[in-house]
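The values are calculated or read from the model by the stated rules, or taken from the named source; none is laboratory data. What you are looking at is a predicted structure, and each value in this text was computed from that prediction instead of being measured. Note: ideal-geometry Cβ built from the backbone for every residue, glycine included; neighbour counts use all protein chains shown.
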Amino acid sequence: MSTEATTTDSDDVQSTTIQTLTKELQALRSRVESLETENETLKRRVEIQSDQIDKLEDRVDKDDQTRTDLAKNTSEAKSAAEEAKEIACSASAKACQVEAMLEESESDKTTSETPQLPGDVEPSTSPLDFFANCRQYKVKKRFIDERSEQNTYRALLVATRWEEFATKRSTGDGVFFTRDDVRQALTAIMGEQPHGTTITRVLEAMSELGGSDLEERTRQVSPKQPPKEILTMDLETATGLLEDRYCHLDLLEEGVTSAGGVTPVVTQSEARTA
């Protein structure tokens, strides 16, 4: 009797254990199914977010292209406006020159192949003085676009910015450029440190443009220091570079020849009175 009771109890325990394991297995299967569902949901969410990221990247690329196009259009519009302004200035300058030539022909019957300056405009004293007083749009076009003479144009810019970079004479009657002065000016103009060769070529171009207006000299601060080469000009000459005397005239037209670096129109007055 006791053996039968023991067997029955064992069967009951085993049945309970199987039921418990069955429930746990069902719970685990349910959990697995739930995780699989969550995983699918996360996959879809990742795909959706990935698509959104792709769309945003496309929009950014389009916005970048739009900004690039706008910048290009703005630059083109600015160039067109500058060119239109230059055409208007040229037309006005030609009118002034024609008027001056008519006045000259009435007062002086002497014929000349070289155009004349209006009577109230002073002639230039050097190529530097001449180009510094012309419209810089035309000057830049002449040296950069037509002749690729970068250093000559830089030399002109350095000389005309003497108030910023040149060393003032202690007597106050002039200024001079040292090599260091030219280096600082070129750094400002170019936006980067110039090479030593560039500085040398710009100094040579300044000397050539300046003629007698920009003299080569040596300067020695003390006996212990070696003398340094400088380019010097008096205050009147330096001030004359900033007068814009020829901006209302069209002296850099194509076909106008030049003699000794100076357009003849600026030296003819002196030749007539010599």
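Hey, among S148, S212, S170, which residue is small (G, A, S), surrounded by fewer than 13 Cβ atoms within 10 Å (Cβ to Cβ) and part of a helix (DSSP H, G or I)? Spell out the reasoning first.
Values: S148 fails: part of a helix (DSSP H, G or I); S170 fails: part of a helix (DSSP H, G or I).
Step by step, each of S148, S212, S170 is checked, and only S212 is small (G, A, S), surrounded by fewer than 13 Cβ atoms within 10 Å (Cβ to Cβ) and part of a helix (DSSP H, G or I).
Only one of (1) farther than 13 Å from L128 by Cα; (2) at pLDDT 90 or above is not met by E215, so which one is it?
(1)
Picking from G210, G191, which residue would you name as being closer than 19 Å to E243 by Cβ and either free of Cβ contacts under 8 Å to residues at least 24 places away in the same chain or not charged (D, E, K, R) (or both)? Give the derivation first.
Details: G191 fails: closer than 19 Å to E243 by Cβ.
Step by step, each of G210, G191 is checked, and only G210 is closer than 19 Å to E243 by Cβ and either free of Cβ contacts under 8 Å to residues at least 24 places away in the same chain or not charged (D, E, K, R) (or both).
Filtering the range 130-151 down to residues that are closer than 17 Å to E204 by Cβ and within 18 Å of the chain's Cα centre (by Cα), which residue is modelled with the lowest pLDDT? Outline the logic, then answer.
Restricting attention to the range 130-151, the residues satisfying the condition of being closer than 17 Å to E204 by Cβ are 131, 143, 147-151.
With the extra rule that they be within 18 Å of the chain's Cα centre (by Cα), the set shrinks to 143, 148-151.
Details: F143: 92, S148: 88, E149: 92, Q150: 94, N151: 95.
Looking at residues that are closer than 17 Å to E204 by Cβ and within 18 Å of the chain's Cα centre (by Cα), I get S148.
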